[in-house]
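To start, the structure itself, in structure tokens.
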Amino acid sequence: MNENNDMKVGQSGFRTLTRQQSGLLAVGALMMVLGVGGVIFGSSMGLTFVKVCTIVFAVGAVTFALMQMMQTYNGNDMTLRRLRQIMIIGNVCFILAALLMVESNFQILFPYVATTIDGYNGWVHYVYNNWVIALLIAAILQMYTTHRIASELKKREERRG
């Protein structure tokens, strides 16, 4: 193991996060859960509440993705490399979900998109609430890769011992 705290790499080949980075990863995940819950169930609280929850989700998604991207894989196992690449796609989907949620609730690009892509119906078809699809894809990819990576590391450990 390298003694430099920023570059610790465990026996698995994955760079281990510091205590602060692990905390940020957990806080980002919690912010995503609270933000999406507020957007889905908070419509009775008013539009301002939904917009605040949208920002909470977006900040959480970026924080989670950045911290997970810092946990690189430096080994030679092709299965773990492939799973890591799938996890990166999941992170991109989290950020895409955040961008679509921001657009759905703030309608920043709406005046431009509505005039170019089949008007209001095109905006609704391509943008409005499609963040749910990106979030679902990201969540499925994250769950799959997390469980598969743990399984692969366990298999590797059993082969060694």
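The values are calculated or read from the model by the stated rules, or taken from the named source; none is laboratory data. Just so it is clear, the model here is predicted, and its values are computed rather than measured. Every residue, glycine as well, gets a Cβ built from its backbone with ideal geometry; the counts of neighbours run over all protein chains shown. Heads up: the accessible areas ignore ligands, DNA and RNA and are worked out on the full protein's heavy atoms, side chains in. Shrake-Rupley method; radii C 1.70, N 1.55, O 1.52, S 1.80 Å.
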Cβ pairs under 8 Å, 6+ apart, first in the stretch 111-134 and closer than 9 Å to Leu100 by Cβ, second of a type outside the set (Phe, Trp, Tyr) and loosely packed, with under 15 Cβ neighbours inside 10 Å: Val127/Leu109
Please go through the stretch 118-131 and give me each residue that is out of contact with any Leu (no Cβ under 9 Å at 6 or more places or on another chain) and surrounded by fewer than 14 Cβ atoms within 10 Å (Cβ to Cβ), ordered by number. Asp118, Gly119, Tyr120, Asn121, His125, Tyr126
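Please pick out the residue among Val39, Val52 that is in contact with a helix residue (DSSP H, G or I) (Cβ under 9 Å, 6 or more places away or on another chain) and open to solvent by 60 Å² or more (accessible area, probe 1.4 Å). Before you say what the answer is, go through the steps one by one.
Working: Val39 fails: open to solvent by 60 Å² or more (accessible area, probe 1.4 Å).
Only one candidate qualifies: Val52.
For (1) closer than 21 Å to Ala150 by Cα; (2) without any contact (Cβ under 8 Å) to a residue 12 or more places away in the chain, each residue gets a yes or a no:
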position	(1), (2)
Ala26	yes, yes
Leu30	no, no
Met87	yes, no
Leu109	no, no
I'd like the full set of residues that are under 27 Å from Val50 (Cα atoms) and either among the hydroxyl-bearing types (Ser, Thr, Tyr) or open to solvent by 100 Å² or more (accessible area, probe 1.4 Å) (or both), limited to the stretch 137-161. Met143
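In the list Ala134, Ala58, which residue meets the criterion of being at pLDDT 95 or above, in contact with a Cys (Cβ under 6 Å, 6 or more places away or on another chain) and surrounded by 14 or more Cβ atoms within 10 Å (Cβ to Cβ)? Lay out the reasoning, then the answer.
Values: Ala58 fails: in contact with a Cys (Cβ under 6 Å, 6 or more places away or on another chain).
Sole residue among the options that is at pLDDT 95 or above, in contact with a Cys (Cβ under 6 Å, 6 or more places away or on another chain) and surrounded by 14 or more Cβ atoms within 10 Å (Cβ to Cβ): Ala134.
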